[in-house]
Amino acid sequence: MSSVTGIIGGSGFYSVEGSSGPEVTNIVTPYSDKPVPVYRSLVAGKPVAFLPRHGIEHGVPPHRVNYRANVWALRKSGVNAIIAINVVGGIRTGLEPGALVVPDQLIDYTWGRAHTYFDVLEDAGNHVDFTWPYDQGLRQALLDSAHELDIACIDGGVYGCTQGPRLETAAEIQKLRQDGCDIVGMTSMPEAALARELTIPYASIALVVNLAAGLAQDAISFADIAASLDDGIEVIRRLLPGTIAKLP
Ligand code: HPA
């Protein structure tokens with residue numbers, strides 16, 4: 001099978017604009033009662049398989065996403081690289097709404113999610129290396145594409161993944177900051193680890209849509225988030241063709 005780039009869309013990102021398609025294929029997986037719809041198209045002349053993480057109508061909250069079925073469906077679609085789109089809160093000073101970050105590390109604060117394909121201990125191979133959770137080649141493709149388009153994009157940062165769906169308390173954000181987190185979101189885990197278990201290189205482009213809890217004067221407003229979401233998603237859309245063109 002020829003190489004296919006998987007795109008996992010987050011909040012605000014429900015389709016990929018390509019030169020053809022999209023054609024929907026419903027993929028049967030061992031991890032879901034229902035098949036998972038994957039949308040195929042051509043972007044920069046290359047095959048892309050798009051999967052909206054929260055469903056096409058954004059009906060599935062972060063803690064209920066069937067991450068195992070999603071990543072499995074992408075593998076079954078022939079995907080050999082995944083670019084994930086995540087919206088996040090900014091923790092590190094200077095990471096304000098509209099900032100784009102290509103994280104290089106993460107800390108997992110989620111609990112109770114089906115987080116592995118290896119539920120039975122078979123051998124040491126089940127303990128996958130996860131020192132560097134995000135693939136450096138894919139990260140570089142995102143950064144190079146941003147550079148070529150003169151789009152500011154921050155190279156590196158620690159993504160703290162919280163359980164949601166509620167946002168954090170101010171004290172939780174202070175703890176995450178002390179832990180070294182630069183951004184906070186709810187969806188990079190277990191997605192990144194599952195991709196690693198299936199040996200699919202994975203990287204994320206994270207859009208800051210709010211200052212994390214307690215870092216602004218006011219409470220976090222959904223209206224403010226929505227305002228930065230639309231513009232930021234358009235910028236990510238511009239980044240994708242150049243990124244995909246660079247992949248081997
Ligand atoms: N916290 C967690 N997830 C998020 C946030 C946040 O502040 N903003 C967008 N996704």
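The values are calculated or read from the model by the stated rules, or taken from the named source; none is laboratory data. What you see is a predicted model, and the numbers here were worked out from it, not measured in a lab. Backbone-built Cβ (ideal geometry, glycine too); neighbour counts: all protein chains shown. Surface accessibility is based on the protein's heavy atoms, side chains included, excluding ligands, DNA and RNA. Shrake-Rupley method; radii C 1.70, N 1.55, O 1.52, S 1.80 Å.
One table, with the values for the structure above:
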quantity: Stokes-Einstein D in µm²/s, Kirkwood radius over Cα pairs - the stretch 1-146 at 4 °C with 1.567 mPa s viscosity; calculated: 77
quantity: Unit charges on C-beta of K, R, D, E only; dipole of the chain, Debye; calculated: 520
quantity: Derived scalar couplings ³J(HN,Hα) [the stretch 22-35; Karplus, 6.51 cos²θ - 1.76 cosθ + 1.60; whole Hz; x for Gly, Pro]; calculated: x, 10, 8, 10, 8, 9, 7, 10, x, 10, 9, 5, 9, x
quantity: Share, in percent, of DSSP beta bridges within the chain that are antiparallel, nearest 5; calculated: 35
quantity: Spatially proximal lysines relative to residue 46 (Cα-Cα < 30 Å; intrachain offsets below 8 disregarded); calculated: 34, 76, 246
quantity: Spatial separation of Cα centroids for the stretch 168-212 and the stretch 1-43, in angstrom; calculated: 23
quantity: Value of [θ]222 nm, deg cm²/dmol, for the chain, DSSP H segments ≥ 4, -39500 (n - 2.57) each, nearest 500; calculated: -8500 deg cm²/dmol
quantity: Integer Hz, Karplus 6.51/-1.76/1.60 couplings in order for the stretch 45-60, x for Gly and Pro; calculated: x, 10, x, 10, 10, 9, 9, x, 4, 8, x, 5, 10, 6, x, 10
quantity: At R0 = 35 Å, FRET efficiency that the Cβ-Cβ distance of residue 148 and residue 231 yields, to 0.05; calculated: 0.95
quantity: Whole-Hz couplings from phi, Karplus 6.51/-1.76/1.60, listed for the stretch 195-210; x for Gly and Pro; calculated: 4, 5, 4, 8, 6, 9, x, 9, 9, 10, 10, 10, 9, 7, 10, 7
quantity: Accessible-area ranking of 72, 111, largest first, probe 1.4 Å; calculated: 111, 72
quantity: Selected from 81, 65, 22, residue furthest toward positive end of dipole (the chain; charges at beta carbon); calculated: 22
quantity: Kirkwood Rh in Å, taken over the stretch 4-246 so that all alpha-carbon pairs contribute; calculated: 18.0
